[in-house]
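Data first, discussion second: the structure below is written as structure tokens.
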Amino acid sequence: MKFHKTSSLKGEITVPGDKSISHRAVMFGALSKGKTEVTNFLQGADCLSTIDCFRRLDITIENEPDKITIHGKGLDGLSAPSSILDTGNSGTTTRLISGILAGQPFETTLTGDASIQKRPMKRIMEPLSMMGARIESLNGNNCAPLKITGSSLKGIHYRPEVISAQVKSAILLAGLYADSPTSVTELALSRNHSELMLRTFGADVRTEGTTATVYPRPVLTGQKINVPGDISSAAYFLAAGLLVPDADILIRNVGINPTRAGILKVIKDMGGQITLLNENQEGEPTADIHVTYSPLHGTVIEGDIIPTLIDELPIIAVMAAMADGTTVIRNAAELKVKESNRIDVMVENLSAMGCDIDGTEDGMIIRGTHPSVRPLHGAVIHAHDDHRIAMSFAIASLMAEGETDIVDSECVSISYPDFYGDLRKLCGR
Ligand code: S3P
């Protein structure tokens, strides 16, 4: 798909529901007794993979335009699937469902697309094996396909080397089936949607600092869940609003859970003008975000803030490329094992547009220049089938001279099916 510079970006949008929360609503609804109704569910390919997997585990899920309904059967209500589970492109589905399958009295094989089959699974295989499950990587490379033989599990206290909500959640979900409490202590706090939502469904989950503990065998009860807008999707329009001259946009109902909202602090550190309106602190906190054009300057992004903006680093790199001065991103080696190697892919594509950027072992060094001084130029972009890369470069193209051609642009369907429609609307096209 081809993209061009825009002279205008104005209006109001509502971004789709949060991907992490949508996955969890289906999973926890399936493990609860009774009906769970989910509104503003993200109809992206990743969350549809989660629905498909739970249907194969014999859970009835109705998917209507305005809501999805999960007819949960309780912790022991899943049945052995008659086929392999396909988790598509979704790391969240793969890792979280593994935690649930670890506690089932049957064997399951699961796999996903080419990207999923390269993503590291040892990080969940190790703790789930310590709890008593048998998990085999069928190609012997610690990646999917995985054969999971569930078992009666024992509680553990685990300290993951990587800071990952997917790892934490997989262990906590297995902990629902254990014989004693299960704790995870993280090096820094990753997103806490599992802890918050498990509690809503009736689980006994306690948190202290970076330790989360789940008590076994709760009775979970179906809930009504209204999913907030995804800050990871809003991030593209926050960046566009800051970068396009005269831009003025309002993004409604965005989730601003502090374990997800690191990008808001980075924007402020870079000199960006954003205002939160109509803040609501009940449950998962939300706000409307007003953003206007602001000249940005470089910054340093490192340490405990990294897990709170891990999915936003590609679009933050685009902002850095158009900010005055150098931006340094450190402690973000996890970028190498996302849907693509996001360090390599950002360096490849931002360089193609004329940006001065180096990849490092755990981040990037971006020597930015404001577009009014020296703009980036259009290029052929290879998103490597990574939705967040495609969306980041669609935004970069709005300030670039000449044409930008994103060859695999359709991958945005993973997390934001109507991304290009919303972008066109704001550009007045
Ligand atoms: C997610 C956690 C993050 C994030 C992913 C969704 C989740 O992964 O990158 O898009 O829903 O738990 P890690 O926790 O492995 O970093």
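If R0 is taken as 25 Å, the Cβ-Cβ distance between Asn331 and Glu410 corresponds to a FRET efficiency of 0.20. Under a 5 Å amide H cut-off, with hydrogens placed 1.01 Å from N, Gly368 pairs with Gly325, Thr326, Thr327 among residues at least 5 apart or on other chains.
Which residues in segment 92-123 have a backbone N closer than 11 Å to a point placed 7 Å from the Cα of Asn141 along the Cα-to-Cβ line? Under 11 Å, as judged by backbone N against the label point of Asn141, lie 114-120 of segment 92-123.
Summary of packing: across the peptides 210-218, 275-283, 335-343, 315-323, the per-residue average of other C-beta atoms within 10 Å ranks them, highest first, as 315-323, 335-343, 210-218, 275-283. Helix 387-397 and the longest principal axis of the Cα set of the chain meet at an angle near 10°. Share of carbon and sulfur in the accessible area of the chain stands at 49%, probe radius 1.4 Å. With Rh defined as the Kirkwood radius, the inverse of the mean 1/r over Cα pairs, the Rg/Rh of the chain is 0.97.
Between Ala80 and Arg424, full extension at 0.36 nm per residue minus the direct alpha carbon distance yields a gain of 119.4 nm. Name the residue, out of Gly272, Gly112, Gly202, whose mean-square fluctuation peaks in a Gaussian network model built on the chain with Cα pairs under 10 Å. Among Gly272, Gly112, Gly202, the largest mean-square fluctuation in the Gaussian network model of the chain belongs to Gly202. Leaving out same-chain residues fewer than 8 places away, which lysines sit with a Cα under 25 Å from that of Lys35? Correct list for Lys35: Lys19, Lys67, Lys73, Lys224.
Summary of packing: across the peptides 9-16, 45-52, 26-33, the per-residue average of other C-beta atoms within 10 Å ranks them, highest first, as 26-33, 45-52, 9-16.
Between the beta carbons of Asp66 and Glu126, assuming R0 = 30 Å, the FRET efficiency works out to 0.15 to the nearest 0.05.
Overall, segment 19-226 carries a charge dipole of about 240 debye about its Cα centre when +1 sits on the Cβ of Lys and Arg and -1 on the Cβ of Asp and Glu, all other atoms neutral. Its Cα centre serving as origin, the chain has a Cβ charge dipole (Lys and Arg +1, Asp and Glu -1) of approximately 780 debye. Determine the sum of side-chain charges near Asn141: Lys and Arg each +1, Asp and Glu each -1, restricted to other residues whose C-beta is under 12 angstrom from that of Asn141. Summing Lys and Arg as +1 and Asp and Glu as -1 gives +2. With R₀ set to 25 Å, the beta-carbon distance separating Thr259 from Asp179 gives a calculated FRET efficiency near 0.30. The label point for Glu161 and the one for Thr221, both projected 7 Å from the Cα toward the Cβ, are 4.4 nm apart.
The mean accessible area for residues of the chain, using a 1.4 Å probe and ignoring ligands and nucleic acids, is 36 Å² per residue.
Of interest is the spacing of the C-alpha centroids, which for segment 291-327 and segment 56-131 amounts to 34 Å. In the complete set of protein chains, residue-level accessible area for Tyr293 is approximately 70 Å², probe 1.4 angstrom. For Thr308, the solvent-accessible surface computed with a 1.4 Å probe is close to 20 Å², ligands and nucleic acids excluded.
Summary value for the chain: 17 percent relative contact order, contacts being C-alpha pairs under 8 angstrom separated by 6+ residues. Helical runs (DSSP H, four residues minimum) scored at -39500 (n - 2.57) apiece and divided by the length of the chain put the mean residue ellipticity at 222 nm at -8500 deg cm²/dmol.
Along segment 285-299 the Karplus relation, 6.51 cos²θ - 1.76 cosθ + 1.60 evaluated at θ = phi - 60°, assigns HN-Hα couplings of x, 9, 7, 8, 10, 9, 9, 10, 3, 8, x, 9, 10, x, 8 Hz to successive residues, with x for each Gly and Pro. Each peptide in 324-334, 382-392, 406-416 was scored by the mean count of other Cβ atoms within 10 Å over its residues; highest first, the order is 382-392, 406-416, 324-334.
The values are calculated or read from the model by the stated rules, or taken from the named source; none is laboratory data. What you are looking at is a predicted structure, and each value in this text was computed from that prediction instead of being measured. Glycine also receives a Cβ, built like all others from the backbone with ideal geometry; neighbour counts cover every protein chain displayed. Ligands, DNA and RNA are excluded from the accessible area calculation, which covers all protein heavy atoms including side chains. Shrake-Rupley method; radii C 1.70, N 1.55, O 1.52, S 1.80 Å.
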